[in-house]
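Below is one structure, written out as structure tokens; the observations come after it.
The values are calculated or read from the model by the stated rules, or taken from the named source; none is laboratory data. Predicted model, so just to flag it, every value in this text is computed and none were measured. Cβ placement follows ideal geometry from the backbone for every residue including glycine, while neighbour counts extend to all protein chains displayed.
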């Protein structure tokens, strides 16, 4: 009787080890793991985070484009200011200054 129990335990252990080894090395184990609720929840959260990352990437591109436009506008304004400053330094009368009588 004891010999039958030990033999059954040994066979059960070997069959369990073989089944576990098969599940680890084959794609069947991946399918079993994917079906769990915790893994599905993690996959859902991962998709949400990827969507947020994509939205932030688009927002960053928009900010970069706006900064480039502002930089160009500031460069144009600076050139205009320097042109006006050069005119004043050359001694040209500006419309605000009274002209000397001729």
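Odds and ends about this structure:
- Residues of region 79-91 that turn out to be surrounded by 10 or more Cβ atoms within 10 Å (Cβ to Cβ) and either modelled with pLDDT under 80 or part of a loop (DSSP other than H, G, I, E, B) (or both), as a count: 0
- Against the conditions (1) modelled with pLDDT of 90 or more; (2) loosely packed, with under 10 Cβ neighbours inside 10 Å, residue 11 satisfies every one except (2).
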